[in-house]
């Protein structure tokens with residue numbers, strides 16, 4: 001099956017711990033994106049990557065880090081510097097910057 | 001700034017009627033626009049897109065209109081069904097990134 005996979009679906013962490021969210025796609029897409037969604041809100045862009053080994057900050061990059069060492073993978077680390085990490089995190093990919101993005105099913109992170 | 005806004009947070013429509021969801025965008029550099037549908041607890045699903053060299057595009061039961069003069073997008077859903085109940089987002093692509101608006105919740109009345 002082709003698609004974009006986020007894991008795990010639910011994740012719990014203690015405050016002060018770093019946590020890495022997985023995003024894998026087998027669609028051969030060049031571009032990948034991470035968004036954060038809070039309850040009743042829209043999607044806010046954290047980081048995006050238009051090609052392997054390159055990525056840019058989005059609107060709310062503080063407290064997050066990413067890597068793009070492989071075309072199919074774009075993991076997001078939520079660091080202890082992120083003040084309000086509890087949220088729904090969505091990963092997406094697209095063929096390039098001018099085509100529609102396909103989304104994973106999201107990871108709901110709860111920090112206690 | 002670079003943002004996509006929506007006129008109404010919630011829209012209630014009678015089943016069988018047409019729905020019109022509006023969106024204002026602010027970035028003149030955007031040349032590609034997308035509508036997404038998001039059901040509760042799931043990732044957004046692509047509905048329809050339009051490029052800036054067009055002003056109208058039709059899909060199955062959906063039509064997107066683009067007015068570049070006033071930076072306005074709309075999504076029309078014909079014969080709204082219960083399964084259309086969801087949050088709808090418009091998105092734009094300034095400078096290689098995809099920016100989303102806050103969303104409109106579409107509520108279907110029986």
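Quick note: the coordinates plus some simple rules give every number you see, no bench work behind them. Because the structure is predicted, anything quoted here is derived from the model rather than measured. Cβ sites come from the backbone with ideal geometry, for glycine too, and all protein chains shown count toward neighbours.
The shape of the protein assembly as shown can be summarised by an equivalent ellipsoid whose semi-axes, obtained from the alpha carbon gyration tensor, come to 29, 20, 16 Å from longest to shortest.
A simple spin-label model places pseudo-atoms 7 Å from Cα toward Cβ; at residue A:86 and residue B:52 they are separated by 4.1 nm.
Once you keep just the Cα pairs under 8 angstrom separated by 6 or more residues, what percentage relative contact order results for chain A? It comes to 35 percent, rounded to a whole number.
Averaged over peptide A:45-53, the number of partner chain Cβ atoms lying within 10 Å of each residue's Cβ comes to 1. Just the Cα atoms of chain A, one point each, no solvent: what log10 I(q)/I(0) does Debye give at q = 0.15, 0.23 Å⁻¹? With no solvent term, the Cα-only Debye profile gives -0.57, -1.33. Here the simple spin-label model places points 7 Å from the Cα toward Cβ, and for residue A:79 and residue A:56 these points are separated by 2.1 nm. With the cut-off at under 16 Å, measuring from each backbone N in segment A:18-41 to a point 7 Å along the Cα-to-Cβ line of residue A:105 picks out A:22-26.
Between B:59, B:41, B:16, the residue with the greatest mean-square fluctuation in the GNM of chain B (Cα pairs under 10 Å linked by springs) is B:41.
Compactness of chain B was expressed as the Cα radius of gyration divided by 2.2 N^0.38 Å, which yields 1.01.
Return the whole-Å distance between the Cα centroid of segment B:11-44 and the Cα centroid of segment B:46-110. Measuring centre to centre over Cα atoms gives 4 Å.
Pick out which of A:71, A:14, A:57 has the largest mean-square fluctuation in a Gaussian network model of chain A, springs linking Cα atoms closer than 10 Å. For chain A, modelled as a Gaussian network with Cα springs under 10 Å, the answer is A:14. Counting only other chain Cβ atoms within 10 Å of each residue's Cβ, the peptide B:85-96 averages 2. Of the beta bridges DSSP finds with both residues in chain B, what % are antiparallel, to the nearest 5? If I count the DSSP bridges inside chain B, around 90 percent turn out antiparallel.
Partner shielding of B:41-47 amounts to 6, given as the average count of beta-carbon atoms from other chains within 10 Å of each residue beta-carbon.
Estimated from the Cβ-Cβ distance and a Förster radius of 22 angstrom, the FRET efficiency linking residue B:31 and residue B:72 is about 0.90. Here the extension length gained between residue B:24 and residue B:39 equals 3.2 nm, from 0.36 nm per residue of separation less the Cα-Cα distance.
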